[in-house]
Amino acid sequence: MEDLLRRRLTLFSFASSCLVASTISAIAQEKYLTAIGEEVAPLDVFQDCEVCPEMIVLPLGTFRMGSTVGEANAARLRYFTSRNVDTSRYEEELRQSFERLNIDPDNPEAGLLRYYASEYYDQHEDPQYSVNPMLHEVPSHEVTIDLPIAMGRNEVTREDWAACVEDGGCENGQSVIPVSEYVACEKWRGCIPTPDSRVAFRIQTQPLSQHPLDPRHPRVGVTYYEMQDYVSWLNEKVGALLSRIPTEAEWEYACRAGTQTVFAFGNTLTSKQANFYGKISYGLEVEGEYREKTTPVKSFSPNAWGLYDMHGNLYEWCADWYAEDAEGGIDPDGPAEGDGRIIRGGTWNRMAKSCRSAYRYSSGPESRSYNIGFRVVLKAK
C-alpha cells in the first residue's frame with residue numbers, strides 16, 4: 001500500500017539538464033510534505049490515496065508569464081495565413097491602433113504597459129479588442145512561485161471522476177445508473193461504463209465519435225462549480241484542505257516547465273506532439289492529423305517536468321477570473337470578480353496557436369463544454 005500511496009518514478013534524464021539550463025532557480029533543499037506525511041522532492045511523483053490523481057511536485061522558481069507583442073502578433077498572422085487571408089490590412093490596422101494611443105508601433109511593449117495601467121484606458125481603443133485578441137497575453141512579466149505545490153500529471157479522467165461519484169462526492173451522489181443508459185459506450189471497443197449522469201449531454205451535444213467514454217479519456221462537461229465538488233471530495237479523502245485547482249500563474253509555470261519558448265517543446269508544434277487541429281502545425285510547413293476527439297491521457301510525451309497534455313486535448317479550468325491582460329496573473333487569486341473563469345492549454349478542435357504556453361481564454365463558470373476539463377493542484381501539508 002505504501003508503494004501505491006507514494007511512488008517515486010524515474011523521470012526522463014533530460015528533465016534534470018533542462019532544469020539546470022533553464023531560468024528556473026529551484027532550491028535544492030525544498031521539500032514537499034504529502035497528506036500522509038511523506039516527504040517528497042521536486043519532480044517526485046506520488047498519490048495521496050488509491051483513487052487520488054497522480055501528482056508531481058513542482059520545483060520553486062521564477063519565470064516570465066505571458067507573451068511578447070511579437071509572439072501575440074505572430075500568432076494572429078498565422079491565423080490569417082492559414083486561411084489564405086491577406087495580412088496587409090491587419091498589419092496596417094495594428095500599426096494605426098498603436099499610433100492612436102501614441103504608442104511606438106515598432107516597439108509597443110512599454111507603451112502598452114503604460115496604457116493598460118493608465119486612467120485613460122478605454123476598452124474600445126484597446127488593440128486587443130479592436131485588432132488582435134492575443135494581445136491580452138501582454139505584458140510579459142516576472143512571477144515567482146515560492147510556495148511548494150504538486151500538480152496533477154494529467155487531466156482528471158472519467159475513471160477519476162467515477163470514483164468520486166461512486167463515493168457520493170460528485171453528481172449529487174447519483175452513483176446508480178443503469179448500464180442501458182450507456183448507449184454510446186456500446187460503440188467503443190473496450191469501453192467500460194462508469195457512473196456519469198451526463199451521458200445524455202455528451203450524446204446530444206456532439207456526434208458520438210467526438211465523445212469517447214473510455215475511462216482513461218479526460219472528463220469533459222463539468223462546470224467550474226461541479227469541478228469544485230471533486231476538489232472537496234479529494235480533501236475529505238485525505239482529511240486536509242490541500243486540494244484545489246491551479247491559479248493561472250501556476251498553470252503557465254507548470255506548462256512552461258523551465259522554458260520560455262512558444263511551447264514547452266520549442267517554437268513549433270505538430271500533431272505528433274499534442275492533440276489539436278493538427279492539419280495545420282505551428283512553425284513548420286507539415287500537414288498532420290486531426291483526431292476530432294479527445295485522446296486518452298498520457299498519449300503524448302510529457303514536458304520536461306513530467307506533465308502530460310499541457311498543450312492540447314482539452315482546455316483546463318483555472319481558479320482566476322479573467323483579467324484584461326496577462327499581468328492579472330501576478331495576483332495568486334486573480335481579479336476579485338469577473339464574468340468568466342480562465343481556461344488554458346488549447347483543445348482537440350482548435351488550432352495550435354491556442355495551445356501556446358501563453359495563450360489565455362475564458363469561459364462562464366456555468367459552462368458545460370465538450371472541450372473543457374481540469375487538473376488539480378495540492379499545496380504542501
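The values are calculated or read from the model by the stated rules, or taken from the named source; none is laboratory data. Bear in mind that the values here come from a model prediction, so they are computed numbers and not experimental data. Cβ coordinates were reconstructed from backbone atoms using ideal geometry, including for glycine residues, and neighbour counts include every protein chain displayed.
Side notes on the structure shown:
- First in the range 151-170 and of a type in the set (Gly, Ala, Ser), second anywhere and part of a loop (DSSP other than H, G, I, E, B) and at pLDDT 85 or above, Cβ under 8 Å, 6 or more apart: 152/53; 152/54; 152/375; 152/376; 163/51
- The residue that is surrounded by the fewest Cβ atoms within 10 Å (Cβ to Cβ), among those in the range 339-368 that are closer than 22 Å to residue 68 by Cα and of a type in the set (D, E, K, R), is 350.
- Screening residue 314 against (1) touching a residue at least 60 places away in the same chain (Cβ under 8 Å); (2) over 14 Å from residue 373 (Cβ atoms) leaves a single unmet condition, (2).
- Matching option when the condition is acidic (Asp, Glu), at pLDDT 95 or above, touching a Phe, Trp or Tyr at 6+ places or on another chain (Cβ under 9 Å) and surrounded by 12 or more Cβ atoms within 10 Å (Cβ to Cβ), among 54, 38: 54
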